[in-house]
1. Just to be sure, is Tyr245 part of a strand (DSSP E or B), over 19 Å from Tyr365 (Cβ atoms) and of a type in the set (Ser, Thr, Tyr)?
2. Does Ser467 qualify as being touching a strand residue (DSSP E or B) at 6+ places or on another chain (Cβ under 6 Å), open to solvent by less than 20 Å² (accessible area, probe 1.4 Å) and over 22 Å from Gly392 (Cα atoms)?
3. Can you tell me which residue is modelled with the highest pLDDT among those in the stretch 341-352 that are surrounded by fewer than 19 Cβ atoms within 10 Å (Cβ to Cβ) and either in a strand (DSSP E or B) or in contact with a Phe, Trp or Tyr (Cβ under 6 Å, 6 or more places away or on another chain) (or both)?
4. If only one of Met316, Met246 is touching a helix residue (DSSP H, G or I) at 6+ places or on another chain (Cβ under 8 Å) and surrounded by 17 or more Cβ atoms within 10 Å (Cβ to Cβ), which one is it?
5. Within the stretch 547-592, can you find the residues that are charged (D, E, K, R) and within 26 Å of Thr482 (Cβ to Cβ)?
6. I'm checking my understanding of the structure. Among residues of the stretch 444-464 that are farther than 19 Å from Leu172 by Cβ and touching a residue at least 60 places away in the same chain (Cβ under 8 Å), which one is most open to solvent (accessible area, probe 1.4 Å)?
7. Could you tell me how many of the residues in the stretch 88-124 are touching a helix residue (DSSP H, G or I) at 6+ places or on another chain (Cβ under 7 Å) and either surrounded by fewer than 22 Cβ atoms within 10 Å (Cβ to Cβ) or without any contact (Cβ under 8 Å) to a residue 12 or more places away in the chain (or both)?
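The values are calculated or read from the model by the stated rules, or taken from the named source; none is laboratory data. It should be emphasised that the depicted structure is a prediction, and the values quoted were computed from it without experimental measurement. Note: ideal-geometry Cβ built from the backbone for every residue, glycine included; neighbour counts use all protein chains shown. Heavy atoms of the whole protein, side chains included, go into the accessibility calculation; ligands, DNA and RNA do not. Shrake-Rupley method; radii C 1.70, N 1.55, O 1.52, S 1.80 Å.
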Amino acid sequence: KARSASVFLPSMQTPGNKRSPCPSFRLREVASMYFTMIMVFLVILVVALQGTAPRENYFPYKVPLDPQSFLELSWNVSYPEQVVHFQLLVKEPKFGLLFGMSDRGEFENADLAVLWSDGHSSYFGDAWSDEKGQLHMDSQQDYQLLKAHRTPEGLYLVFKRAFSTCDPKDYLIEDGTVHLIYGILEKPVRSLQAINISAIHKGLQRVQLLKPNISTPELPRDMKTMEIRAPDVVIPSQETTYWCYMVELPDSFPRHHIVMYEPVITTGNEAIVHHMEVFQCAAEFDSFPHYNGPCDSKMKPDRLNFCRHVLAAWAMGAQAFYYPEEAGLAFGGLGSSKYLRLEIHYHNPLVFKGRHDSSGIRLYYTATLRRYDAGIMELGLVYTPVMAIPPGEAGFLLNGYCTDKCTQLALPPAGIHIFASQLHTHLTGRKVVTILSREGREREVVNADNHYSPHFQEIRMLKKVVSVFPGDVLITTCMYNTEDRNQATVGGFSITDEMCVNYVHYYPQTQLELCKSAVDSGYLHRYFNLVNRFNDEEICMCPQASVTQQFSSVPWNAFNRDVLKSLYDFAPISMHCNKSSAVRFPGEWEKQPLPRITRVLPESAPSCQPALGPPPAPPALVNLGRVKAE
């Protein structure tokens, strides 16, 4: 309980040295103002301590769950309460639905909120599925239904869920990608256990649930817009298409700063346009051919592969991207190519035919240049086959280093400030993290995604700006799963090869554009010699054999796997401390020792409070009006 405050005022004395029986009217006014100010201060203090919890009926983030947009999810995030509020719109309600989360989007070992009807009554409950996909009612009901009502639009369900609970059957909601799953019940069911997951229409959607709580910066008055959009494309009638379209800026387009960008989605295609990127082409080429077609077509000119400098990236569920008030991304002017490439990923699982699309990205830019140019730096592994993942691996780790030697040489004394990040691997990537170390000690996580998907890549604002100073080390670690492959997966540019990259967005821009590593090729050659000596099978060591060919001939027994892991963990590295011209900074960069880390960050334990008292009796009866069987 709050204690009452005692306020002492100076005593007032009348002539004759006698005390006045009560303060004067003026003093009472002063006292009243004093108490008023105290109360105002206390109110402001309480609000500041509580943080800004969003209203339960305010849902700023929205994404369609299914390709036909019959299910539409909206949500908000309360960091003070550590809770996500969900609003699910079911446009054509039938006999219920399943909504939940799982590690990779599977319906086995999933955490679910289930609404079902037996044809007469409707029920809502927190459930989980076992390794066979059988549903069970959870003894601890952590999906809490707040409201259910029908409107002309459809059925609205509003419910909430804490980030972390003490229930081992619950999914931990954390930073990074979340695989949302859904299922639609077409017929009444007599109980939760009677739901047959294999027989229902179901799917998944990937989102970043825990959006950063960042205030929107003020935009300049002279801001202009430019739309980079597809020219009325007929979306191919296949599940996956990457579409490329070349755009040319006006001649003599002067230098500007991009301060914001946002998606422009053709109405009706919100569930098909999966993600989009705008790339600027390399300035060393005077011209680029015009192209409008699939990115993997043999008709695509090879020169378009030199359009790889990211200007903007958006993925489904993302909102507008803002640069910090003090920085902007430069484009136009001398030394900048006027050619841009738009790339759109269409996800068309229902194989719609004849669907037209003119989606793209709207850039907001200004001629009034901000204090700093923003830069983009590549961290991680060099695109080279010397970094490989054996087949049949459930979680193989590779590390890419940006060493203290490189940052000491290339970064300004005041350092740089990372405000956004885009993680990137190819098809076998499962987890990515970049950690900042200083003086041999891990200091903080720059960005991490424990449920990373190569099918969901976006530039994400960081919750906290990370400052990097000369002498700091940045280590990017990627985890891969190659259980479905029977040959080694090597590093490279092909979609079947692998990458491990973190594109960090920072300011002020420096000459350092790439800070990456790879194992020393001489030590890898020793590995192949060792494998050849200790195995009966012959490994081709002939000079004309490529690294990829040598990896493909390795017999992947336990010994060869363990030795390769040890090689990557201890062997010297080749450092690529590169300028934007692709030339390394002066210095010796071969056979560099691995950074020495003496103290690692402790693993963050989820904070949750055990449920007090008996759990609520599941399931909850929900009044949705009459539900008729078809």
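1. On the way: part of a strand (DSSP E or B): yes; over 19 Å from Tyr365 (Cβ atoms): yes; of a type in the set (Ser, Thr, Tyr): yes.
Criteria met by Tyr245.
2. On the way: touching a strand residue (DSSP E or B) at 6+ places or on another chain (Cβ under 6 Å): yes; open to solvent by less than 20 Å² (accessible area, probe 1.4 Å): no; over 22 Å from Gly392 (Cα atoms): yes.
Spelling it out, it is not the case that Ser467 is touching a strand residue (DSSP E or B) at 6+ places or on another chain (Cβ under 6 Å), open to solvent by less than 20 Å² (accessible area, probe 1.4 Å) and over 22 Å from Gly392 (Cα atoms).
3. We begin by selecting, within the stretch 341-352, every residue surrounded by fewer than 19 Cβ atoms within 10 Å (Cβ to Cβ); these are 343, 347, 349-352.
If we keep only those that are either in a strand (DSSP E or B) or in contact with a Phe, Trp or Tyr (Cβ under 6 Å, 6 or more places away or on another chain) (or both) too, we end up with 343, 347.
Details: Glu343: 95, His347: 87.
Filtering the stretch 341-352 for residues that are surrounded by fewer than 19 Cβ atoms within 10 Å (Cβ to Cβ) and either in a strand (DSSP E or B) or in contact with a Phe, Trp or Tyr (Cβ under 6 Å, 6 or more places away or on another chain) (or both), the one modelled with the highest pLDDT comes out as Glu343.
4. Numbers: Met316 fails: touching a helix residue (DSSP H, G or I) at 6+ places or on another chain (Cβ under 8 Å).
Just one listed residue meets the conditions, Met246.
5. Within the stretch 547-592, the first condition is being charged (D, E, K, R), and the residues that meet it are 561-562, 565, 569, 579, 584, 588, 590-591.
Residues satisfying the conditions are Arg561, Asp562, Lys565, Asp569.
6. Step one: list which residues in the stretch 444-464 are farther than 19 Å from Leu172 by Cβ, which gives 444, 446, 454-455, 457-459, 461-462, 464.
Within this subset, residues satisfying the condition of being touching a residue at least 60 places away in the same chain (Cβ under 8 Å) are 444, 455, 457-459, 461-462.
On the way: Glu444: 48, His455: 76, Gln457: 26, Glu458: 8, Ile459: 14, Met461: 51, Leu462: 18 Å².
Filtering the stretch 444-464 for residues that are farther than 19 Å from Leu172 by Cβ and touching a residue at least 60 places away in the same chain (Cβ under 8 Å), the one most open to solvent (accessible area, probe 1.4 Å) comes out as His455.
7. In the first step, residues of the stretch 88-124 are kept if they are touching a helix residue (DSSP H, G or I) at 6+ places or on another chain (Cβ under 7 Å); the result is 107, 114, 116.
Add one more test, that the residue is either surrounded by fewer than 22 Cβ atoms within 10 Å (Cβ to Cβ) or without any contact (Cβ under 8 Å) to a residue 12 or more places away in the chain (or both), and what stays is 107.
Here the count works out to 1.
Quick grid of which residues meet (1) more than 14 Å from Lys338 (Cβ to Cβ); (2) surrounded by fewer than 20 Cβ atoms within 10 Å (Cβ to Cβ); (3) within 25 Å of the chain's Cα centre (by Cα); (4) modelled with pLDDT of 90 or more:
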{"residue": "Pro217", "(1), (2), (3), (4)": "yes, yes, yes, no"}
{"residue": "Asp232", "(1), (2), (3), (4)": "yes, yes, no, yes"}
{"residue": "Arg255", "(1), (2), (3), (4)": "no, yes, no, yes"}
{"residue": "Val264", "(1), (2), (3), (4)": "yes, yes, yes, yes"}
{"residue": "Val273", "(1), (2), (3), (4)": "yes, no, yes, yes"}
{"residue": "Ala282", "(1), (2), (3), (4)": "no, yes, no, no"}
{"residue": "His290", "(1), (2), (3), (4)": "no, yes, no, yes"}
{"residue": "Cys295", "(1), (2), (3), (4)": "yes, yes, yes, yes"}
{"residue": "Arg303", "(1), (2), (3), (4)": "yes, yes, no, yes"}
